[in-house]
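Trainee: Below is a structure I'd like to ask you about.
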Amino acid sequence: MITSERMAQVDANAAALGVPRKQLMESSGNAVAREVRAVADPGARVAVVAGRGNNGGDGFVAVRFLDDYDTSVHLLGREETIATDIARENWAALRQGDYRTETVTDSRDFELPDCDVIVDAMLGTGVTGALREPEATVAERINESEATVVAVDVPSGVNADTGEAEGTAVSADRVVTFHDRKPGLDSLDAEVTVADIGIPAAAEEFVGPGDMRPVRRGSGAEDARAYVVGGGPYTGAPALAAQAALRAGANLSFVAAPGPVAPQIQGYAEDLIVQAYEGDHLAPEQVPDLVETAESYDDVVVLGPGLGNADETLDAAAQFLESFSGPAVVDADALPVVPEVETDATLVCTPNRKELAKMGGPDVESADALREHADEIESFAADLGHVVLAKAKDDVITDGERTRVSRAGTSGMTVGGTGDTLAGTTAGLLAAHDPFESACMAAYANGRAAELLDDDRRDGLLASDLLDALPRAIWGDDDE
Ligand SMILES: NC(=O)C1=CN([C@@H]2O[C@H](COP(=O)(O)OP(=O)(O)OC[C@H]3O[C@@H](n4cnc5c(N)ncnc54)[C@H](O)[C@@H]3O)[C@@H](O)[C@H]2O)[C@H](O)CC1
Ligand SMILES: [K+]
């Protein structure tokens, strides 16, 4: 099963892998023609009713594969209003060939020709709301007709994700859908064929620019705040994480740190708000205040960077997670406590290979081998009940059901601190997005930031260099 949104992501990933959407459209149209062949013999009359989006484009392509049929193409709308280049190019191919085409701007002028098969290519996954005119009237005509109706991707007017229609919708005999089943098709009274359109498996397995759609298309959180609980023995880690959160869209980034190191953390960056607590390391007595602060401002917490592993600190980390119920990224020394606690918090855990083993996850022999253990990491995340972003050369991201791999990155990233920027980036995204998707996007963005700097930095990359490149990596330079 695949939702329309995930389909759009996979489609963009395929384009980045060298299989552009026009090529997919060619396969889709070919599959539609195959379906027509299954219901009618050569010579039969086939009317293709096409909309102005890519669903219509699939219909135009199908016509070129049906030269031994008596085809006619009915474009709903003026040709200047065809919405995409690839659909327009396929329309032009018909116009310049010897095909029967007409444009219909007023539904009152539309007469469905006598035909044996109707190809419904009016609207696919791009539908919003009830069918407008002329589509609504044309859908009624199609439904009154005796011809066999083959719908392209989804019957026009039906929401592919829910199966619901807000107004009139085409009632199809058959549906040719692409790549994978759509959740909304199961409830329909139609025979559904899933056509393989040649999307590379890598477009689904690997995180790509398409996976960045939630952040690139959506609006960020109104009031995203990050709250890094870190520092003590180390000061750079919390500063990097907190700055990365700002780069990933947080409006404010706080660091709660022990008094003696707070000025040093502040000294790295004027953009941070550093709040000092008593003592030289995190201890249980600080926890109630920290939890209260984080919860009262709906902060996304980053727990771990630079905390160290004093017994008291680990106890405090466990207590924090037991009483906190918001979203949090857990990293570094705080990771091993996660399996030991009962928590209502929504966690994204970001272990490296060694931290993964310390958490009770699979013991992976080398950083290069992480991906081979993806199934075990998935089961581990399912048992844990939290998202795991296991970081290595290839990152494995899983929520126990969905698992993806991010290959983005460079050899320069083995330098210290890149895990801290990853944790902070995850937090910045987690304020506005689903935890699994945030983890996928953060893994891709952190690696992509390094790729953007690779010409200048090579193996001399610093984690702090990533901060500058993160916004471009997140909001895009690599779209189709
Ligand atoms: N990988 C893939 O998913 C592929 C899908 N293909 C086909 O493309 C369509 C989706 O195309 P898209 O252009 O995004 O949308 P539509 O063609 O469904 O419609 C857009 C078009 O319709 C107008 N519109 C929206 N709502 C309404 C309405 N209620 N009434 C009237 N008009 C409406 C809107 O303004 C746009 O102009 C997918 O289903 C597949 O068939 C690719 O060909 C192959 C890869
Ligand atoms: K359709």
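Nothing in this text is a laboratory measurement; each read-out follows from the coordinates by a stated rule. Small disclaimer: the values here were computed from a predicted structure and weren't measured. Here Cβ is always computed from backbone atoms with ideal geometry, including for glycine, and neighbour counts include all displayed protein chains.
Trainee: Under a point-charge model restricted to the Cβ atoms of Lys and Arg (+1) and Asp and Glu (-1), what is the dipole moment magnitude of the stretch 4-205 relative to its Cα centre, in debye to the nearest 20? It would help to have the intermediate numbers written out before the result.
Mentor: Values: 18 positive and 38 negative charges, 101 e Å.
Value, rounded to 20: 480 debye.
Trainee: A follow-up question, please. What are the semi-axes of the equivalent ellipsoid for the chain, taken as the square roots of 5 times the Cα gyration tensor eigenvalues, largest first, in whole Å? Don't jump to the answer; show the numbers that get you there.
Mentor: On the way: eigenvalues 558, 84, 77 Å².
That gives 53, 21, 20 Å for the three semi-axes.
Trainee: Could you tell me how many cubic angstrom of Cα convex hull volume the stretch 218-472 has per residue? Let's see the in-between values first.
Mentor: Numbers: hull volume 27.7 nm³, N = 255.
In the stretch 218-472, the Cα hull volume divided by residue count equals 108 Å³.
Trainee: Right, next: If you place +1 on the Cβ of every Lys and Arg, -1 on the Cβ of every Asp and Glu, and leave all else neutral, what size is the dipole of the chain about its Cα centre, to the nearest 20 Debye? Could the numbers behind the result be given before it?
Mentor: Working: 36 positive and 87 negative charges, 249 e Å.
Around 1200 debye, computed over the chain.
Trainee: Just name one of A334, Q319, V348: the one whose Cα is farthest towards the positive end of the charge dipole of the stretch 306-357 (beta-carbon charges, Lys/Arg +1, Asp/Glu -1).
Mentor: Positive-end residue among those listed: V348.
Trainee: With 22 Å as the limit, write out which pairs from K354/K393; K358/K393; K22/K393 have Cα-Cα distances beyond it, or answer none. Walk me through the numbers on the way to the answer.
Mentor: Numbers: K354/K393 14 Å; K358/K393 19 Å; K22/K393 32 Å.
Pairs exceeding the cut-off: K22/K393.
Trainee: Here's another thing I want to ask about it. What translational D, rounded to a whole number of µm²/s, comes out for the stretch 4-205 from Stokes-Einstein when the hydrodynamic radius is the Kirkwood one over Cα pairs, at 20 °C and 1.002 mPa s?
Mentor: Stokes-Einstein gives a translational diffusion coefficient of 130 µm²/s.
Trainee: What net charge is computed for the residues neighbouring G129, neighbours being all others with C-beta under 12 Å from the C-beta of G129, Lys and Arg scored +1, Asp and Glu -1? Could you put the intermediate results ahead of the total?
Mentor: Values: positive: R132; negative: E135, E164, E166.
It works out to a net charge of -2.
Trainee: Got a sec to turn the phi values of the stretch 235-247 into Karplus ³J(HN,Hα) couplings, 6.51 cos²θ - 1.76 cosθ + 1.60 with θ = phi - 60°, whole Hz, x for Gly and Pro?
Mentor: Ordered by residue, 3J(HN,Hα) equals 10, x, 4, x, 5, 5, 4, 5, 5, 4, 4, 5, 5 Hz.
Trainee: Also, quick follow-up: So for the stretch 193-275, what percent of the C-alpha to C-alpha distances run longer than 21 Å?
Mentor: When every Cα pair of the stretch 193-275 is considered, 48 percent fall beyond 21 Å.
Trainee: Given the rule -39500 (n - 2.57) for each run of at least 4 DSSP H residues, summed and divided by the residues of the chain, what is its mean residue ellipticity at 222 nm, to the nearest 500 deg cm²/dmol?
Mentor: Working: 16 runs with 182 residues, N = 480.
That calculation yields -11500 deg cm²/dmol at 222 nm.
Trainee: Something else: Along the charge dipole of the chain, which of A12, G417, G97 sits closest to the positive end, that is, farthest toward it, with unit charges on the beta carbon of Lys, Arg, Asp and Glu (+1, +1, -1, -1)?
Mentor: Looking along the dipole axis, the top candidate is G97.
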